[in-house]
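Every number here is computed from the coordinates shown, using simple stated rules; none is lab data. Quantities reported herein were computed from a predicted structural model and do not represent experimental measurements. Reconstructed Cβ throughout: ideal geometry from the backbone, glycine too, with neighbour counts over all protein chains shown.
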Amino acid sequence: MTNFTPILRFVALSDVHYEDEPSVERERMAKALRTANRIADESPVYKGFDALCVVGDFANKGSQAQFAAFKHTLDEGLRPGTRRILSVASHEFMGGGPEPAYEKLRRFFGQAPDVHEVIHGYHFISLSPSRGTSFNQDKRDWAAAQLALAAADDPRRPIFFFQHPHVTGTVYGSIIWGEDELCPILMNYPQVIDFSGHSHAPVNDPRSIHQQYFTSLGCGTLSYFENDEFDKYYGTCPPAPEGHRAAQMLIVEADAAGRVRVIPYDILTDQPFPCLWDIPAAWSRTASPIPTRSAAPPPCRRISPRAHRCASKTIFSHSIRPPPGGTTSTTTACACAGCATAYWRGRSPCGLIIMSSPCRKPSPCPWKTSTQGRHMTSRSPRAASGKTKAKIL
């Protein structure tokens, strides 16, 4: 997107899993806040860090000590102007159930379990489950009412929606770790950009953004990674220490025209991943339901993703379905779960393909094609409309 000047910046993250005693998760959370403050300070066009949005499971067992420790980190790391939008979920409920978790959220953070706030003209709606990771009818009715209010304010302005579990069938991890109760509500609002967690899936996997009826984004974890059931190589959870080197977040910016930029960020290495997502028209039902790259990749050797190696030892791949009636080839996106490396290659429109393969040797170039493929180009009508564009940093 050209001439993009933010008027809003917030951080979305999930599954921090504080323990009663000091742990590495506390260090990672504190570093995430320092990083967000520094990025705001160093921005040449907008220096605000307007909100921290945490979509549940910040407390591993829901104890008083864990709530108090998380509050201490936020008090120390957030500046007075940064809003806190938190939800509780299954792990907070381990401290006695939903009602005790709601009470601790009110007592420690002064926040109700379900909130609707407006920041610089953008609506933020956060919903906590009624039990576990599910939402009863009262919760769903409240969410529907708040979405209607937000849409009435400006039907073309994105609405930021937050809940702990993924919506089933959207982002990576949502088949095993998703709930479908909110989908009939959210699908009425294509301008919704939904943030969720629960799965611990890496944000640098290209499947961690999804668009169909609305936009969905997975928020990763600051504790340990998990893989989807269909991608496990060492099991659902990669083994320690590699699988526990996990600290990721999303930095989200929006401008006065309603355009949104999402920057997946690795907290441990203190750098963004080499692909960001631009969402210039979230409200448009006719725009592309998939992320596409907006610029040609740098030159590189023709090499298979199987040749790449990093700590995770696993490459994930999936193909993108063509639009109804599409006759052009679609693409396969491959990404390493443990680093920023991603690959694109052409495929015939054969539907969904999921695979995993072990990495084998280092590769110097961050953008590769398979030995039988090419750098991704999309010529389908829906992709060309450009609802979302993935950009190389």
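Using the Karplus relation 6.51 cos²θ - 1.76 cosθ + 1.60 with θ = phi - 60°, the per-residue 3J(HN,Hα) values for region 64-70 come to 4, 4, 6, 4, 5, 5, 5 Hz, with x marking Gly and Pro.
Taking Lys and Arg as +1 and Asp and Glu as -1, the other residues whose beta-carbon sits under 10 Å from that of ASP270 total +2.
What the phi angles of region 14-28 give under the Karplus curve with 6.51, -1.76 and 1.60, with θ = phi - 60°, is a coupling list of 8, 6, 7, 6, 5, 9, 5, 9, x, 8, 5, 4, 5, 5, 5 Hz, glycine and proline written as x. Taking each residue as 0.36 nm, the span from ASP153 to SER284 lengthens on full extension beyond its C-alpha to C-alpha distance by 45.5 nm. Taken along the Cα-to-beta-carbon direction at a fixed 7 Å, the label points for LYS61 and ARG106 span 2.6 nm. Rounded, prolate or oblate for region 6-279? Axes are the square roots of the Cα gyration tensor eigenvalues, ordered a ≥ b ≥ c, and the cut-off for rounded is a/c under 1.5. Rounded. I'd like the FRET efficiency for MET94 and ALA145, computed as 1/(1 + (r/R0)^6) with the beta carbon distance as r and R0 of 25 Å, rounded to 0.05. So the FRET efficiency works out to roughly 0.25. Computed from label points 7 Å out along Cα-Cβ, the spacing between ALA68 and THR5 is 4.7 nm. Converting phi to 3J(HN,Hα) with the Karplus coefficients 6.51, -1.76 and 1.60 and the offset θ = phi - 60°, region 110-127 yields x, 10, 6, x, 10, 9, 9, 10, 10, 10, 6, x, 9, 8, 10, 10, 10, 10 Hz in sequence order, with x at every glycine or proline. Between SER134 and GLU27, residue separation times 0.36 nm minus the direct Cα-Cα distance comes to 35.5 nm.
Cross-link partners of LYS61 among aspartates and glutamates, defined as those whose alpha carbon lies under 17 angstrom from its own and excluding same-chain residues fewer than eight positions apart: ASP15, GLU19, ASP20, GLU21, GLU25, GLU92, GLU99, GLU103. Put a dot 7 Å past the Cα of ASP270, heading toward its Cβ, do the same for ASN188, and the two dots end up 4.7 nm apart.
When the charge dipole of region 1-150 is built from unit charges on Cβ atoms (+1 for Lys and Arg, -1 for Asp and Glu) and taken about the Cα centre, the candidate among PRO80, SER130, PRO100 whose Cα reaches farthest toward its positive end is PRO80. When DSSP beta bridges are restricted to pairs lying wholly in region 6-279, around 50% turn out antiparallel.
Averaging the sequence gap over all C-alpha pairs within less than 8 Å and six or more residues apart, then dividing by the number of residues, gives region 52-103 a relative contact order of 52 percent. Loop-resident trypsin sites (Lys or Arg not before Pro) (DSSP state other than H, G, I, E or B) in region 1-77 with no more than 16 further Cβ atoms inside 10 Å of their Cβ: LYS47, LYS61.
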